[in-house]
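Colleague: Right, I'll just put the structure down here and ask away after.
The values are calculated or read from the model by the stated rules, or taken from the named source; none is laboratory data. Bear in mind that the values here come from a model prediction, so they are computed numbers and not experimental data. Note that each Cβ is placed from the backbone with ideal geometry, even for glycine, and that neighbours are counted across all protein chains shown. All accessible areas refer to the heavy atoms of the entire protein, side chains included, with ligands and DNA or RNA removed. Shrake-Rupley method; radii C 1.70, N 1.55, O 1.52, S 1.80 Å.
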Amino acid sequence: MQIILDNIPLLLQGIGTTIALTVLGYAFALILGTALAVCRVSPIPPLRWAATVYVEIFRNIPLLSLLILLAFGLPDAGVLLPYFWCGVAGLSLSGAAFVCENIRSGINTVPIGHAEAARSIGLGFFGVLRYVVLPQAFRTMVQPLVNVFIATVIGSSLCAAISVVEITYVTQQLNIASAQAVLLFLVAGALYLALSLGVAYLGRRVERAVAPGGSRPLRTADRLQGAAQA
C-alpha cells in the first residue's frame, strides 16, 4: 500500500479530473439531449429527421473511437482543443444521444389527452412541453437519466487513451512505475464504484422527491407481490 500512500496527491488530482469530466460531460449532454428530444417530437419533419440521424450515429459509435477522432482528428481540421475538452466533448456527444432517447420515452408516457387539453386552452408546442408534458415526464425519466450519469462516470475512464490525467491514466502511470497492477486497479475500481454508488444514491433521493406525495413509487415487483398477497 505504500505506493498508494506516496501518491495520494496524484490520485486526488485524478479523482478531481474524473469528477470534472463527468459533471461537464453530463451537463452538456443533458442540454443537447433535451434539445434533440424536442426536435424528435416536434411537428417539423426536417428537425425530426436530423435528430434521428444524430441519435443513430452517436449511439452506435464506440466512445473510445469518438474520443480518438476528436483528439487527433480535430487538429487536422485546424481545430485545436486541449485533451481535457476533447474528453468532455466526446462524453457530451455520446451521452446526448442516450439522454435524448430517455427524455423522448418519458414524454411518450404522458397521456396524449393532457397535451390535447393544453392545446385547447391556447398553449403552443413549447408551452405544452414546458408546462404540461415535461413536468409529468420527469418523474419517469429520473432513473434512466441517473443511469446515463453513471455511464458517463464509467466512460470517463476512456479519456486515459487521449492522455487526460484522470483516475485510469494515473493508475496506468503508477503501474508502469511500480508493476503493482492488481492493487492499483483494485483501488481504481473502488474509486469508480464509490462515485457510481454516490450518484445512484442521489438519484434515489431525487426520485423520491418528485414522486407523488414525496414518497418512493412502488416498483413493478412490489405491485405484483402486493397483488398476489391480496
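Colleague: With a 1.4 Å probe and all protein chains left in place, how much accessible area per residue does segment 35-174 have, in Å²?
Modeller: 49
Colleague: How far apart, in nm, are two points set 7 Å out from the Cα along the Cα-to-Cβ line at F72 and at V182?
Modeller: 3.3
Colleague: What is the pair-distance distribution P(r) of the chain, computed from all Cα-Cα distances in 5 Å bins starting at 0, with each bin given as a whole percent?
Modeller: 1, 6, 11, 14, 15, 14, 12, 10, 7, 5, 3, 1, 1, 0
Colleague: Determine, from the Cβ-Cβ distance of A190 and I154 and an R0 of 22 Å, the FRET efficiency 1/(1 + (r/R0)^6), rounded to the nearest 0.05.
Modeller: 0.95
Colleague: Then there is this: Using Cα pairs closer than 8 Å and at least 6 residues apart in sequence, work out the relative contact order for the chain, in percent.
Modeller: Relative contact order here is 25 percent.
Colleague: What does the extension gain come out to for A200 and E56, with contour length at 0.36 nm per residue minus their alpha carbon separation?
Modeller: Once the chain is fully extended between A200 and E56, it gains 49.1 nm.
Colleague: Give me the number: length gained by fully extending I31 to S120, i.e. 0.36 nm times residue separation minus the C-alpha to C-alpha distance, one decimal in nm.
Modeller: Answer, rounded to one decimal: 29.1 nm.
Colleague: Continuing with this model, one more query. Which of rounded, prolate or oblate describes segment 1-116 when judged by the alpha-carbon gyration tensor and an a/c cut-off of 1.5?
Modeller: Because a/c hits 1.5 or more and a/b fails to exceed b/c, segment 1-116 counts as oblate.
Colleague: Another question, if that's okay. Just the number, please: carbon plus sulfur as a percent of the accessible area of segment 1-136, 1.4 Å probe, no ligands or DNA/RNA counted.
Modeller: That fraction is 72 percent.
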